[in-house]
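To start, the structure itself, in structure tokens.
The values are calculated or read from the model by the stated rules, or taken from the named source; none is laboratory data. Note that the structure is predicted; figures quoted are calculated from it, not measured. Positions of Cβ are backbone-derived with ideal geometry, glycine not excepted, and every protein chain shown enters the neighbour counts. The accessibility values were calculated without ligands, DNA or RNA, using every heavy atom of the protein model including side chains. Shrake-Rupley method; radii C 1.70, N 1.55, O 1.52, S 1.80 Å.
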Amino acid sequence: MTFRDEAGREVAPGEWIAIQHGCSCTVRDGEAVDNERWPDWLVKGCPLHDRGAEGDADR
């Protein structure tokens, strides 16, 4: 899943616009990497960045 802003730029976890659209990613703090695209973030369950989340499609 790729979340993009109005200009078509890919929005990373934790960015203000991503949070405003429901990003629930958290900064990884010793946990295993759960997504190679965003290795510094835990993305599991995030509706914008988790590839396995419900509604997996580009936004």
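Structure values in brief
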| read-out | value |
| --- | --- |
| Residue count, the range 1-36 (criterion: of a type in the set (Phe, Trp, Tyr) and more than 19 Å from Arg51 (Cβ to Cβ)) | 1 |
| Residues (of a type in the set (Gly, Ala, Ser) and in a loop (DSSP other than H, G, I, E, B)) located in the range 1-50 | Ala7, Gly8, Ala12, Gly14, Gly22, Ser24, Gly30, Ala32, Gly45 |
| Meets criteria (out of contact with any Gly (no Cβ under 9 Å at 6 or more places or on another chain), open to solvent by 50 Å² or more (accessible area, probe 1.4 Å), in contact (Cβ under 8 Å) with a residue 12 or more places away in the chain and of a type outside the set (Gly, Ala, Ser)) for His49 | no |
| Subset tally (residues that are of a type in the set (S, T, N, Q) and surrounded by 15 or more Cβ atoms within 10 Å (Cβ to Cβ)) for the range 1-25 | 1 |
